[in-house]
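The values are calculated or read from the model by the stated rules, or taken from the named source; none is laboratory data. Computed from a predicted structure; not experimentally measured. Note that each Cβ is placed from the backbone with ideal geometry, even for glycine, and that neighbours are counted across all protein chains shown. Just the protein is used for accessible areas: all its heavy atoms, side chains included, with ligands, DNA and RNA removed. Shrake-Rupley method; radii C 1.70, N 1.55, O 1.52, S 1.80 Å.
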Amino acid sequence: MRRLLKTVSLEPCNINKYWLGVFIFIWLIAIGLGAYIAFDHAWTPGESTRLKEKCWPQFSNLKQSQKNKTLVLFVHPKCPCTNSSLIELRNLIEKSKGGHNTKIVFFVPGDFGDEWIEEDKINLANAVPGAEIVYDHDGKEMRTFGAATSGQLYIFASDKKMLYSGGITPGRGHIGTNPGFDNCLEILASNDNQYGTAPVFGCPMEQPK
Amino acid sequence: MNSSSNSRLSFLEDTAQLNLLDRRSVIKAQKLLKNQLEKIYRNCDVLFGGLLITEWLAAILVAMLWSPKAWAGIYSNTHVHVYLAIWLGLAIISLPLLLIIKMPGAAMTRHFVAAGQMLMTSILIHLTGGRIETHFLVFATLAFLSFYRDWKVLVTGTIIVAVDHWVRGAYFPQSIYGVSPPQTWRFLEHSFWVLFGDIFFVNWCLMTRKEMWEMAKKHARMENTKELIESEVAERTAEVKAEKERFRLLCSFAPVTIFEANEKGDWTFIGQRWSELTGLAVESALNNGWQNLIHLEDKAIVLRSWAASISKGENWDCEFRIRDLDGKIKWVRGEAMQCQADIESQPIFIGSLMDVSVLKLSENTSKKMVLIAQKEDFLATLSHDLKNPIIGTNRILELIINGKMGPISKELNTIMIKLRESNASLLRMIQNLISIYRYDTGADYLNFENVDLVQYARAAIADITLLANDKEVELHFKVQNVLDENYTVTADRNSLIRLLSNLLDNALKFTPSKGSITVSISGTAHTRSVEITNTGSYIDDDSRKRLFSRFYQGEEGKKYVPGTGLGLYICSQIVRAHNAEISCESSPDRGGETRFSVSFESEKKVGSSSLEQLGVQSSTQHDKVHYSPGK
């Protein structure tokens, strides 16, 4: 059988071998370059929080829980990466067995109404257990919290101390295991007021100046 | 002993033939498998070409729906994913598509298709945000690749996955494992599941190949058997064709018309000779068409005999007359016999028609010849029996005329002399008839001797000198000089005398008074000739042609002298018996002149060999030979 398989060889070649080699080389370069661009885009983190003090902002209109930990996720309602962040938030809440005060803050530009927010994202947000949806008109809270990148999550202790600042996705628009998620899970499960951080992957909340 | 060794040899031959057949089958099976695989490779290439294009379009669609734009505040631009889906996707599928078009069925094409397929899978996974569901496409792709039935292609696909995971695990761990520290060996965990799938896919490929090989062998054996049968059939067909051709030739060129009739007596086939025999188309004889040509007088008998033969299954043999297309009557002999190919088949009659017209004619002629011979024998007997009484009568007349029987009156003596002359004439006639009979039938032997032609010519001239003088005809004798002055020829003395005498008598008859007869002896190296020329007579061409026929007398001859018309006929018989030549020339010039020439071969050394060449048998005497005209 093996001998037979060896005898059956099919190599019809209707192409110049030199040009084929050149083509294969260009092909490999193109794929390498494309992969690099994809990786660079997906795994280059966005700008991290601009909040200098690691505590609940003084001028925020959002209500912070005095009993439980408060989670505040800032998302850009048009950014494709928002879906990943909302999914990961839901996973996080579900895995942490709940009992937290969760707020999902959708950025709404000043000239636009609530309808600017896409329905699928509202649905994803509603799927997060116990989450409160906040429409941040003109990005007031966003600026108050210093959230520069969509997917920015803050976790505050009941005493207003900031426990976590960063993203909970492995890359732009990606879901799956990532250090930010694991860190958050640990913080929510622990009573220690340890601070953690991770890169945020998402679209900028505002046009960079 | 012989039969056992023969059977062993036959077995060995069979085994050798089987081995040969098996070897042929293996070679053919290899070819069949190769062709089948090539077909599968090409088909799969086309399938994957379509799949790659579909995946590319799907990637673009996913990018357009999932992440069409990247945002910054209220500003947006096209997402990188869209560009990646379009351009990177196009780049990935370009090489496999090129190879599918340019090198369909080639191993390289398959491997690049596998690579392209895996890369497109990774793009889709990336575009869908690394969803676990999209990862299923990796295993689906492996299943698709196994359609090639080439396990090596699965290896290529697996290597692409492993290398992707290893490189990214080592240098971009977060991109694939979502963790920062390098995961050098974690790719093994992911690759393991791909390899786990590969075990089944590779096994399936090998099993399928084996099945294909078995099928190819079966197919090859069937094809070989089919070819064998076809060659047998072709051989048998050729034989049948040859037999058919032989049959056609037999029917067309056999000197008889062959026919076939069914059990009812209807003629179902007839050979081409029928057309030659009757001038009618072959189809006209089929069924009972042949019966229309039978002569009315014979028809009833023929049909009765034919019907009897058919009903009793007996042989048919019948001679009858038919009338052909031109109305000519022909005698034919029809024969047929019943035959049966096997027990189950109906008996048929195979027969022939033979044209026996010539045989019939010959048969009639033979009967006539017998009658003529009987008549001649009768005449010969009659002549012989008449001769003796006439001779006896002549002797008595001779005695009376000579006065030995007593004195008689003058008148009575004159009458007796007339009677004697008449008897002599009658006797000559009878002797001529007897001579003719002898020469014709070869009933007598001739005594050949070497005789001097001049001497016998002189003697013959002397015999007619008195008559010539009475008729006032001049006689001349000329002898031309020949070599050694040898005028000897080999001839029967009596026949030679009769020949010369007949010719001189003939010349004298037709030479008028005051005319002349010239006898010339001449010769060449091998011949000696006698020429008898008489003046005052002319024989036209028509008469000359019939001159030597029996009982022929020309008009002139009848005028001059009554005769029997046998003289020249006897001369021709004598000449023929001597293997000599006789000719006649006649010219109307100077009142007419006729010349008879007889040319003998000059003296032969009388011996057996030379004379036997001419049908002459040597006698015991030195210079005598016997000649038998019959030989």
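If the limit is 24 Å between Cα atoms, which of B:Lys39/B:Lys152; A:Lys140/A:Lys160; B:Lys39/B:Lys217; B:Lys34/B:Lys210; B:Lys367/B:Lys545 go over it?
Details: B:Lys39/B:Lys152 18 Å; A:Lys140/A:Lys160 19 Å; B:Lys39/B:Lys217 17 Å; B:Lys34/B:Lys210 13 Å; B:Lys367/B:Lys545 29 Å.
From B:Lys39/B:Lys152; A:Lys140/A:Lys160; B:Lys39/B:Lys217; B:Lys34/B:Lys210; B:Lys367/B:Lys545, over 24 Å: B:Lys367/B:Lys545.
Quick check: the distance between the Cα centres of region B:136-155 and region B:295-349, to the nearest angstrom?
83
Got a sec? Which residues of region A:170-191 lose 10 Å² or more of accessible surface with every protein chain in place, vs. that chain alone, 1.4 Å probe?
In region A:170-191, residues shielded by partner chains: A:Pro170, A:Arg172, A:Gly173, A:His174, A:Ile175, A:Thr177, A:Pro179.
Helices from chain A with mean Kyte-Doolittle at least -1.0 and a Cα length along the axis of 18 Å or more, per DSSP H: which?
Working: long enough: A:17-42 (37 Å, 1.44); A:81-95 (21 Å, -0.12).
Helices passing the filter in chain A: A:17-42, A:81-95.
Just to confirm a number: summing +1 for Lys and Arg and -1 for Asp and Glu over residues other than B:Glu593 whose beta-carbon lies under 12 angstrom from that of B:Glu593, what do you get? Display every interim value, and only then the final one.
On the way: positive: B:Arg590, B:Arg595; negative: B:Glu531, B:Glu585, B:Asp589.
So the environment of B:Glu593 carries a net charge of -1.
Per DSSP H run of at least 4 residues, take -39500 (n - 2.57); add these up for chain B, divide by its residues and hand me the 222 nm value, nearest 500 deg cm²/dmol.
Computed ellipticity for chain B at 222 nm equals -20500 deg cm²/dmol.
So with the 1.4 Å probe, I'd like the accessible area per residue for region B:143-228, rounded to whole Å².
Details: 4930 Å² over 86 residues.
Ligands and nucleic acids excluded, the figure is 57 Å² per residue.
When the accessible area of each residue in region A:29-52 is compared between its chain alone and the complete protein assembly (1.4 Å probe; ligands, DNA and RNA ignored), which residues differ by at least 50 Å², being lower in the assembly?
When all protein chains are present, A:Ile31, A:Phe39, A:His41, A:Trp43 each give up 50 Å² or more of accessible surface.
How about region B:285-375: which GluC sites (Glu not before Pro) there are in a DSSP loop, with at most 12 other Cβ atoms within 10 Å of their Cβ?
Numbers: sites: B:Glu297, B:Glu314, B:Glu319, B:Glu335, B:Glu344, B:Glu363; in loops: B:Glu314, B:Glu344.
For GluC sites (Glu not before Pro) across region B:285-375 that sit outside H, G, I, E and B with at most 12 neighbouring Cβ atoms in 10 Å, the list reads B:Glu344.
How far is the Cα center of region B:364-401 from the Cα center of region B:270-290, in Å?
If we compute the Cα centre of each part, the gap is 56 Å.
Round to the nearest 0.05 the FRET efficiency obtained for B:Lys244 and B:Val356 when R0 = 35 Å and r is the Cβ-Cβ distance. All intermediate terms of the calculation are to be shown ahead of the outcome.
Working: r = 29 Å, r/R0 = 0.84.
E between B:Lys244 and B:Val356, to the nearest 0.05, is 0.75.
Give me the one-decimal nm value for the distance between modelled label points at A:Lys97 and B:Val155, 7 Å along each residue's Cα-to-Cβ direction.
5.2
Rank by packing, highest mean first: peptides A:51-58, B:416-423, with packing defined as the count of other Cβ atoms within 10 Å averaged across residues.
Sorting A:51-58, B:416-423 by mean packing, highest first, produces B:416-423, A:51-58.
Of the DSSP beta bridges with both residues in chain B, give the percent that are antiparallel, rounding to the nearest 5.
Roughly 90 percent of the beta bridges in chain B run antiparallel, per DSSP.
Give me the number: length gained by fully extending B:Leu466 to B:Met207, i.e. 0.36 nm times residue separation minus the C-alpha to C-alpha distance, one decimal in nm.
On the way: separation 259, 0.36 × 259 = 93.24 nm, distance 13.62 nm.
Contour length minus Cα-Cα distance gives 79.6 nm.
Using a 1.4 Å probe and counting only protein heavy atoms, arrange B:Trp193, B:Trp267, B:Trp185 so the residue with the most accessible area comes first.
Numbers: B:Trp193 135, B:Trp267 0, B:Trp185 175 Å².
Putting B:Trp193, B:Trp267, B:Trp185 in descending order of accessible area: B:Trp185, B:Trp193, B:Trp267.
Between A and B, buried accessible area summed over both sides at probe 1.4 Å, in Å² to the nearest 100?
Numbers: alone 12430 and 37870 Å², together 46160 Å².
Buried surface at the A/B interface: approximately 4100 Å².
Run the numbers on region A:102-209 and let me know its relative contact order in percent, using alpha-carbon pairs under 8 Å that are six or more apart. Spell out each step's value before the answer.
On the way: 161 pairs, mean separation 25.6, N = 108.
Rounded, it is 24 percent for region A:102-209.
Enumerate the residues in region B:306-323 having an amide nitrogen under 20 Å from the point lying 7 Å beyond the Cα of B:Asp298 toward its Cβ.
Only B:306-310, B:315-323 pass the distance filter.
Among the helices of chain B (complete DSSP H runs), which have Cα atoms covering no less than 18 Å along the helix axis and a Kyte-Doolittle mean of at least 1.6?
Membrane-span-like by this rule: B:89-102, B:132-145.
Out of region A:74-118, which GluC sites (Glu not before Pro) are coil in DSSP terms and have no more than 15 other C-beta atoms within 10 Å?
Details: sites: A:Glu88, A:Glu94, A:Glu115, A:Glu118; in loops: A:Glu118.
Here the sparse-neighbourhood loop sites are A:Glu118.
Per the 1.4 Å probe, what fraction of the accessible area of region A:72-169, in percent, lies on carbon and sulfur atoms? The partial results should precede the final answer.
Details: 1430 of 3220 Å².
The value for region A:72-169 is 44 percent carbon and sulfur by accessible area.
Setting aside same-chain residues fewer than 8 positions from B:Lys410, which lysines have a Cα under 24 Å from its Cα?
Within reach: B:Lys418.
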